[in-house]
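The values are calculated or read from the model by the stated rules, or taken from the named source; none is laboratory data. What you are looking at is a predicted structure, and each value in this text was computed from that prediction instead of being measured. Please note: Cβ atoms are built from the backbone with ideal geometry, for glycine as well, and neighbour counts cover all protein chains shown.
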Amino acid sequence: MPDPSQDMLCTALELADKAVGFYAKAVADCPEALGREVFERLVADKKKQRARIEEVYQGLMAGKKWEAACVLHEDQPEDMRRVFSILAPGFPPGKAACMTVVGALSAAIDAELRALAFFREHAAGATDPVEKAFLAEMIRDQRGFHVLLSDTRYYFEDPQGWLLEKERAGLDGA
């Protein structure tokens, strides 16, 4: 009988692979430099997340318990709102982006929300404390990806509104 944790991790690997593929295609297709920069960042972050999931999955497949298969990280997650606030000023604010960029961002947001729900569902049923902590890391990562994508979509839909709200600056630079 398959182990539910291994099944969950196998599905998580599939989700990560799909996300990497989607973001890599978005990099190639995105006409906006800022959009490409964000999608490149997401490709790199998703690859790191996938490697983390793979490491735990391989450990469990080798017969290790969660405590031995999963080394929990003590580092603080990167604030994804701050990431976009740092990236955006390097690119001139333009008009609202074409719908292909906004559509790609919307599809990515939907996918990240599905992944977030997936990890939350499994966290609710997890009994091993290390597994729960690992899933909490995955949930935190998914929330960060969602924040980055949401801020990026808002920026492309309404650059001036984003600047007013997020940067708390006037359009005259004051």
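Within the stretch 103-126, does at least one residue satisfy the condition of being modelled with pLDDT under 90, touching an Asp or Glu at 6+ places or on another chain (Cβ under 8 Å) and either more than 25 Å from residue 44 (Cα to Cα) or not small (Gly, Ala, Ser) (or both)? Checking the stretch 103-126: not a single residue is modelled with pLDDT under 90, touching an Asp or Glu at 6+ places or on another chain (Cβ under 8 Å) and either more than 25 Å from residue 44 (Cα to Cα) or not small (Gly, Ala, Ser) (or both).
Screening residue 31 with (1) under 30 Å from residue 166 (Cβ atoms); (2) surrounded by 13 or more Cβ atoms within 10 Å (Cβ to Cβ) gives one miss only, at (2). Here residue 88 fits the description: more than 14 Å from the chain's Cα centre (by Cα) and modelled with pLDDT under 90. May I ask you to list the residues in the stretch 127-142 that are under 18 Å from residue 13 (Cα atoms) and either of a type in the set (Asp, Glu) or in contact with a Pro (Cβ under 9 Å, 6 or more places away or on another chain) (or both)? Matches in the stretch 127-142: 131, 137, 140, 141. Does at least one position in the stretch 31-45 carry a residue that is closer than 22 Å to residue 130 by Cα, in contact with a helix residue (DSSP H, G or I) (Cβ under 6 Å, 6 or more places away or on another chain), modelled with pLDDT of 85 or more and of a type outside the set (A, V, I, L, M)? The answer is no; no qualifying residue exists.
Say whether the condition of being buried (at least 18 other Cβ atoms within 10 Å of the Cβ), touching a residue at least 12 places away in the same chain (Cβ under 8 Å) and polar (S, T, N, Q) is met by at least one residue in the stretch 155-163. No, every residue in the stretch 155-163 fails to be buried (at least 18 other Cβ atoms within 10 Å of the Cβ), touching a residue at least 12 places away in the same chain (Cβ under 8 Å) and polar (S, T, N, Q). Taking every residue in the stretch 109-130 that is under 23 Å from residue 153 (Cα atoms) and part of a helix (DSSP H, G or I) and pairing it with any residue that is among the aromatic types (Phe, Trp, Tyr) and at pLDDT below 95, at least 6 positions away or on another chain, the pairs with Cβ-Cβ distances below 9 Å are 109/145; 111/22; 112/145; 115/145; 116/145.
Which of (1) buried (at least 20 other Cβ atoms within 10 Å of the Cβ); (2) of a type in the set (A, V, I, L, M, F, W, C); (3) farther than 21 Å from residue 110 by Cα does residue 16 not meet, given it meets every other one? If we test residue 16 against (1) buried (at least 20 other Cβ atoms within 10 Å of the Cβ); (2) of a type in the set (A, V, I, L, M, F, W, C); (3) farther than 21 Å from residue 110 by Cα, just (3) comes out false.
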